[in-house]
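**Q** Sending over a structure as structure tokens; questions will come in a sec.
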Amino acid sequence: MLVLKNCNFLGELVEGYENATGDILIDGDRIKSIAPCGTDWEDAETVDMAGKYVLPGLFDLHIHLTLSGGETLVDNAKSPVQQALDAVKFANDTLMAGFTTVRDVGSSHNVAIELRNAINAGNFPGPNIIASGKIVTPTECGNDFFAGLYNEADGRDAIWKSVREEMKAGADFIKIMGTGAVMNPGGAPGQPIYTLDELRAVVEAARFKDTYVATHCHGTQAIKNSIIAGVRTLEHASILDDEAIEMLKDNDTTYIVPTLNILHGLADSVPETSIFMKAKAQSVLESLRVGIRKAYEAGLTMGFGTDQGATPLTHGENADEFTLRRDFWDMDEMDIIKQATIDSARIVYKDQDYGTLKEGKVADIIALDKNPLEDISAFKYNLVNVIKSGVVVK
Ligand SMILES: [Zn+2]
């Protein structure tokens, strides 16, 4: 057994224990007990946290482990084996950045599914990976820009077939394209590309396999259609209007997962070969600022996503999203931290085991040597420990 002594806590992230400080007893991969500092733990191995801020491990609900953050065309030219080997490193970089659970929302050749299995088997260090496999998409211009990433399906029957193929490959959930993409040449981010009936078919097929749908979705009409169809997460949700926000209020089926890191990054700087992405990102940036701010003011629960791996976002730099959310949307620090922990855990049905520090939950824990409520960039610059499933990995 392992004891983390003299921890500082953020109260809203600890359940069943009231003090602002305490010790955490870890037995195997679970938290066995949280008790006041100074408790006699007899012969357990101890680590003195010396007042560090100890939090549950972070969630990133939107990454791509087969993309490197560099030139997309270079990534596409890699063999599937090379992509898989690179993904092993990217997964470790992500874990070392404090992100102990990630959702891979589209990997070429289903690499993230195989990597999830290898990490779960203990063969490589890495975060918990919730993987979609390939992205189910209609026939669309730009699809071929990402080799091996898409499973094209038009109409109900083909959609059911594609969902079944991804589930057969081991997907945890289904990712679809609901609108054109900033990163696909020719794709129009505002434009719906699946019909409402097709969206309903994806949701029906996913629910038939006891899982849910995540929709890549920038434009307003596709956002509304996705809500009506009953998808679980609206990825990006860049162009929300008041009606869409109203549809999401008190809605416990559908949640938004904004990804500010990517749109900010693309609008700022991209490689020469990806220059078409820059103008598209810039065109949605103001809508993104207004829409998500309104959603925040309306009290919507939202997930924490980045699109790490997409150009120009390097794996392991996920924590940039914290500072961006505060500066761009003027969000409260504690709210952002909850988005990256308990809120994301709830959205992807993982809050039984993750998202807070609580007796019985999995011991995925991070420590910062600075209070993140005073400086939210502490997640990037002051991360000193990472514990995954009860094992100190950093
Ligand atoms: Zn993405």
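The values are calculated or read from the model by the stated rules, or taken from the named source; none is laboratory data. Source: prediction; values computed, not measured. Neighbour counts are summed over all protein chains in view; Cβ atoms, including those assigned to glycine, are modelled from backbone coordinates with ideal geometry.
**Q** Kindly indicate which of Glu140, Glu166 is assigned by TED's automatic domain parsing to the domain that holds Val81 and at pLDDT 95 or above.
**A** Glu166
**Q** Select from segment 14-31 the residues that are touching a residue at least 24 places away in the same chain (Cβ under 8 Å) and surrounded by 19 or more Cβ atoms within 10 Å (Cβ to Cβ) and list them in ascending order.
**A** Val14, Ile24, Leu25, Ile26, Ile31
**Q** Ok, one more. How many of the residues making up segment 1-29 are in a loop (DSSP other than H, G, I, E, B), of a type outside the set (Phe, Trp, Tyr) and more than 17 Å from Gly390 (Cα to Cα)? Steps first, answer last, please.
**A** Initial filter on segment 1-29 (in a loop (DSSP other than H, G, I, E, B)): 1, 9-10, 15-20, 28-29.
Within this subset, residues satisfying the condition of being of a type outside the set (Phe, Trp, Tyr) are 1, 10, 15-16, 18-20, 28-29.
Now restrict to residues that are more than 17 Å from Gly390 (Cα to Cα): 10, 15-16, 18-20.
Counting residues in segment 1-29 that are in a loop (DSSP other than H, G, I, E, B), of a type outside the set (Phe, Trp, Tyr) and more than 17 Å from Gly390 (Cα to Cα) gives 6.
**Q** Still on this structure, I have one more. Working carefully through the options Asp241, Asp250, find the one that is more than 14 Å from the ligand (Cβ to nearest atom), among the acidic types (Asp, Glu) and either touching a residue at least 60 places away in the same chain (Cβ under 8 Å) or within 28 Å of Phe208 (Cα to Cα) (or both). Steps first, please.
**A** Details: Asp241 fails: either touching a residue at least 60 places away in the same chain (Cβ under 8 Å) or within 28 Å of Phe208 (Cα to Cα) (or both).
So the residue among Asp241, Asp250 that is more than 14 Å from the ligand (Cβ to nearest atom), among the acidic types (Asp, Glu) and either touching a residue at least 60 places away in the same chain (Cβ under 8 Å) or within 28 Å of Phe208 (Cα to Cα) (or both) is Asp250.
**Q** Follow-up. Quick check, is Gly265 part of a helix (DSSP H, G or I), in contact with a Leu (Cβ under 6 Å, 6 or more places away or on another chain) and away from the ligand (no atom under 16 Å from the Cβ)?
**A** Working: part of a helix (DSSP H, G or I): yes; in contact with a Leu (Cβ under 6 Å, 6 or more places away or on another chain): yes; away from the ligand (no atom under 16 Å from the Cβ): no.
Criteria not met by Gly265.
**Q** Being in contact with a Phe, Trp or Tyr (Cβ under 8 Å, 6 or more places away or on another chain), farther than 28 Å from Thr100 by Cβ, in the same structural domain as Lys280 (by TED's automatic domain parsing) and surrounded by fewer than 17 Cβ atoms within 10 Å (Cβ to Cβ) is the requirement here; does Pro185 meet it?
**A** Values: in contact with a Phe, Trp or Tyr (Cβ under 8 Å, 6 or more places away or on another chain): yes; farther than 28 Å from Thr100 by Cβ: yes; in the same structural domain as Lys280 (by TED's automatic domain parsing): yes; surrounded by fewer than 17 Cβ atoms within 10 Å (Cβ to Cβ): yes.
So Pro185 fits the description; yes.
Residue-by-condition table, conditions (1) at positive phi; (2) of a type outside the set (S, T, N, Q):
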| residue | (1), (2) |
| --- | --- |
| Glu12 | no, yes |
| Ile31 | no, yes |
| Gly38 | yes, yes |
| Thr66 | no, no |
| Ala77 | no, yes |
| Asp86 | no, yes |
| Lys89 | no, yes |
| Met96 | no, yes |
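**Q** Continuing with the same structure: Please pick out the residue among Pro36, Pro56 that is crowded, with 18+ Cβ neighbours inside 10 Å, away from the ligand (no atom under 16 Å from the Cβ) and not polar (S, T, N, Q). Please lay out each step first, then the result.
**A** Details: Pro36 fails: crowded, with 18+ Cβ neighbours inside 10 Å.
None of the other options fit; the residue is Pro56.
**Q** Looking at segment 317-333, I want the residues that are over 17 Å from Val290 (Cβ atoms) and free of Cβ contacts under 8 Å to residues at least 60 places away in the same chain and have a partner that is basic (Lys, Arg) and assigned to a helix (DSSP H, G or I) with Cβ atoms under 9 Å, at least 6 apart or on another chain. Which pairs are those?
**A** Phe322/Lys380; Thr323/Lys380; Asp332/Arg326; Glu333/Arg326
**Q** Among the residues of segment 268-291, which ones are away from the ligand (no atom under 16 Å from the Cβ) and of a type in the set (S, T, N, Q)?
**A** First, the residues of segment 268-291 that are away from the ligand (no atom under 16 Å from the Cβ): 268-269, 271-273, 275-276, 278-279, 282-283, 285-287, 289-291.
Answer for segment 268-291, where residues must be away from the ligand (no atom under 16 Å from the Cβ) and of a type in the set (S, T, N, Q): Ser269, Thr273, Gln282, Ser283, Ser287.
**Q** Quick one: how many residues across segment 188-221 are surrounded by 24 or more Cβ atoms within 10 Å (Cβ to Cβ) and among the polar types (S, T, N, Q)?
**A** Counting residues in segment 188-221 that are surrounded by 24 or more Cβ atoms within 10 Å (Cβ to Cβ) and among the polar types (S, T, N, Q) gives 1.
**Q** Taking Asp23 as the residue in question, decide whether it is more than 16 Å from the ligand (Cβ to nearest atom), in contact with a Ser or Thr (Cβ under 6 Å, 6 or more places away or on another chain) and not assigned by TED's automatic domain parsing to the domain that holds Gly265. Give the steps one after another, and end with the answer.
**A** Working: more than 16 Å from the ligand (Cβ to nearest atom): yes; in contact with a Ser or Thr (Cβ under 6 Å, 6 or more places away or on another chain): yes; not assigned by TED's automatic domain parsing to the domain that holds Gly265: yes.
Answer is yes for this residue.
**Q** When you check Lys89 against the structure, is it over 30 Å from Ile34 (Cβ atoms) and among the basic types (Lys, Arg), yes or no? Spell out how you get there, then give the answer.
**A** Details: over 30 Å from Ile34 (Cβ atoms): yes; among the basic types (Lys, Arg): yes.
Yes; evaluated as a whole, the condition is true for this residue.
**Q** Within segment 67-115, work out how many residues are surrounded by fewer than 24 Cβ atoms within 10 Å (Cβ to Cβ) and of a type in the set (Lys, Arg).
**A** Counting residues in segment 67-115 that are surrounded by fewer than 24 Cβ atoms within 10 Å (Cβ to Cβ) and of a type in the set (Lys, Arg) gives 2.
**Q** Right, next: Filter segment 212-239 for residues that are assigned to a helix (DSSP H, G or I) and under 27 Å from Gly170 (Cβ atoms) and give the result. I'd like the intermediate steps shown before the answer.
**A** Initially, segment 212-239 is screened for residues assigned to a helix (DSSP H, G or I), giving 220-229.
The answer is Ser226, Ala229.
**Q** Please determine whether any residue of segment 195-204 is touching a strand residue (DSSP E or B) at 6+ places or on another chain (Cβ under 9 Å), within 16 Å of the ligand (Cβ to nearest atom) and of a type outside the set (Gly, Ala, Ser).
**A** For segment 195-204, residues touching a strand residue (DSSP E or B) at 6+ places or on another chain (Cβ under 9 Å), within 16 Å of the ligand (Cβ to nearest atom) and of a type outside the set (Gly, Ala, Ser): absent.
**Q** Where residues in segment 210-219 are more than 15 Å from the ligand (Cβ to nearest atom) and at pLDDT 95 or above, which of them is nearest to Leu196 (Cα to Cα)?
**A** Restricting attention to segment 210-219, the residues satisfying the condition of being more than 15 Å from the ligand (Cβ to nearest atom) are 210-212, 219.
If we keep only those that are at pLDDT 95 or above too, we end up with 210-212.
On the way: Asp210: 21, Thr211: 19, Tyr212: 16 Å.
So the residue we want is Tyr212.
**Q** Separate question: Regarding segment 162-174, can at least one residue be identified that is polar (S, T, N, Q), crowded, with 23+ Cβ neighbours inside 10 Å and within 16 Å of the ligand (Cβ to nearest atom)?
**A** Step one: of segment 162-174, the residues polar (S, T, N, Q) are 162.
Subsequent filtering for residues that are crowded, with 23+ Cβ neighbours inside 10 Å retains 162.
If we keep only those that are within 16 Å of the ligand (Cβ to nearest atom) as well, we get none.
The answer is no; no qualifying residue exists.
**Q** Of the residues Gly170, Gly148, which single one is in contact with a His (Cβ under 6 Å, 6 or more places away or on another chain) and closer than 24 Å to Ala84 by Cα? Steps first, please.
**A** On the way: Gly170 fails: in contact with a His (Cβ under 6 Å, 6 or more places away or on another chain).
Just a single option satisfies the conditions, and that option is Gly148.
**Q** Show me the strands (runs of 3 or more DSSP E) entirely contained within segment 30-93 in which 1 or more residues are under 23 Å from the mean Cα position of the chain (by Cα). Reasoning before the result, please.
**A** Working: elements: 30-35, 45-48, 53-56, 58-63.
Once the strands (runs of 3 or more DSSP E) in segment 30-93 are filtered for at least 1 residues that are under 23 Å from the mean Cα position of the chain (by Cα), what remains is 30-35, 53-56, 58-63.
**Q** Here are the criteria: (1) of a type in the set (Phe, Trp, Tyr); (2) free of Cβ contacts under 8 Å to residues at least 24 places away in the same chain; (3) surrounded by 21 or more Cβ atoms within 10 Å (Cβ to Cβ). Tell me which single one Tyr381 does not satisfy.
**A** Looking at each condition in turn, Tyr381 falls short on (3).
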